[in-house]
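Input: a single structure, listed below in structure tokens.
The values are calculated or read from the model by the stated rules, or taken from the named source; none is laboratory data. The shown structure was predicted, so the numbers you read here are calculated from the model rather than taken from an experiment. Note that each Cβ is placed from the backbone with ideal geometry, even for glycine, and that neighbours are counted across all protein chains shown. Heads up: the accessible areas ignore ligands, DNA and RNA and are worked out on the full protein's heavy atoms, side chains in. Shrake-Rupley method; radii C 1.70, N 1.55, O 1.52, S 1.80 Å.
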Amino acid sequence: MLSSEQHQRWERDGFLVLEDFVPTSRCRELSEHVNELLATIDPTTEGALSIFSTTEQSHARDDWFLESGDKIRWFFEQGAFEQGQLVRELPAAVNKLGHAMHDLDPVFSAFSRTPELAELATDLGFVDPKLLQSMYIFKQPTIGGEVICHTDHTFLWTEPQSVVGFWFALEDATVDNGCLWAIPGGHRTPVKRRFRLDGQGGTTDDFFDETPYPEADGVPLEVPAGTLIALHGTLPHWSAPNTSTQSRHAYTLHVIDGRAQYLDDNWLQRGDDHPLRGFVG
Ligand SMILES: O=C(O)CCC(=O)C(=O)O
């Protein structure tokens, strides 16, 4: 699927932008399906008022988050609350859905398991690809929170490193509505942090290097709806807050190689009744 020039760019930059990977009609179908899912959700469910914030990391203490690896759960924007009260309806308040939509929801499973994506994964070097994590990210108008600079290996650690992120723009992503940013070539920098379970019901960070990534070297990845951005697991990337009145919906799927060891103190764990599956079967 990939040309030798695209392979070279992947090796050099640690990311690849593939415009028109998905027809925009499929993007719209996925968004419509999410609206149907949201209509079935009761946000007052016990334990469910979990805010996803990469600056505060409050979610990292919530069982609602820590037990979501084999479920479909919703997480809120910080800006959807005033004095501790949820002040927006769910469709305008939700930060993301996660983290096993690709296995539990037939529409997301079909979107995630296309022959084109399987071929791309093989082209990027996967021998035994396993679909680990999925998220539907809303990046709500005016309150869509920042996702701070990170690498995906930090959160989804395998030995050896194997995770790749497949990030689908379901709407146009611009600097104004919080597109992704990445540091070209930054995947060659050793990963500075590992986020993991602390063995006491919470999470902790191991810092191998406390110096920040050089975000000034980052480039904005402004892309139209239907674009797929593949992100190497050690590539520093982030997204700024959405200060515009346009949402920026995206679907992201993280794939690891079944030949690598997935560590049992990674935050995302799945029950024995939810074994990891590949692109087929
Ligand atoms: O969509 C975003 O704003 C961030 C997504 C991201 O960092 C990821 O999928 O790893």
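Grab the helices (runs of 4 or more DSSP H) fully contained in segment 1-105, keeping just those with 2 or more residues being of a type in the set (Lys, Arg).
Numbers: elements: 4-13, 24-39, 63-66, 90-93, 101-104.
In segment 1-105, the matching helices (runs of 4 or more DSSP H) lie at 4-13, 24-39.
Here is a yes/no grid of residues against (1) under 13 Å from LEU253 (Cα atoms); (2) outside any strand (DSSP E or B); (3) within 16 Å of the ligand (Cβ to nearest atom):
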| residue | (1), (2), (3) |
| --- | --- |
| GLU119 | no, yes, no |
| THR122 | no, yes, no |
| PHE126 | no, yes, no |
| PHE168 | yes, no, yes |
| ASN177 | no, yes, yes |
| GLN200 | no, yes, no |
| THR204 | no, no, no |
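Condition check ((1) within 13 Å of the ligand (Cβ to nearest atom); (2) in contact with a Phe, Trp or Tyr (Cβ under 7 Å, 6 or more places away or on another chain); (3) among the polar types (S, T, N, Q); (4) under 19 Å from ASN242 (Cβ atoms)) across all residues:
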| site | (1), (2), (3), (4) |
| --- | --- |
| ALA48 | no, yes, no, no |
| THR54 | yes, no, yes, yes |
| GLU67 | no, no, no, no |
| GLU89 | no, no, no, yes |
| VAL94 | no, yes, no, yes |
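May I ask you to say which residue of LEU132, LEU156 is in a loop (DSSP other than H, G, I, E, B) and either in contact (Cβ under 8 Å) with a residue 40 or more places away in the chain or buried (at least 19 other Cβ atoms within 10 Å of the Cβ) (or both)? Give the derivation first.
Values: LEU132 fails: in a loop (DSSP other than H, G, I, E, B).
Checking each option against the conditions leaves just LEU156.
Restricting attention to segment 7-23, which residues are at positive phi and surrounded by fewer than 19 Cβ atoms within 10 Å (Cβ to Cβ)? Walk me through how you get there before you give the answer.
First, the residues of segment 7-23 that are at positive phi: 14, 20.
The answer is ASP20, and nothing else.
Considering segment 253-281 alone, what residues qualify as being touching a Lys or Arg at 6+ places or on another chain (Cβ under 9 Å) and not in a loop (DSSP other than H, G, I, E, B)?
Listed by number, the residues that qualify are VAL255, ILE256, ASP257, TYR262, ARG277.
Identify the residue in segment 128-158 that is closer than 25 Å to PRO190 by Cα and of a type in the set (A, V, I, L, M, F, W, C) and, among all such residues, is nearest to the ligand (Cβ to nearest atom).
Residue satisfying both the conditions and the ranking: VAL147.
The conditions are (1) touching a Ser or Thr at 6+ places or on another chain (Cβ under 9 Å); (2) open to solvent by 20 Å² or more (accessible area, probe 1.4 Å); (3) among the charged types (D, E, K, R), and GLU119 fails exactly one of them. Which is it?
(1)
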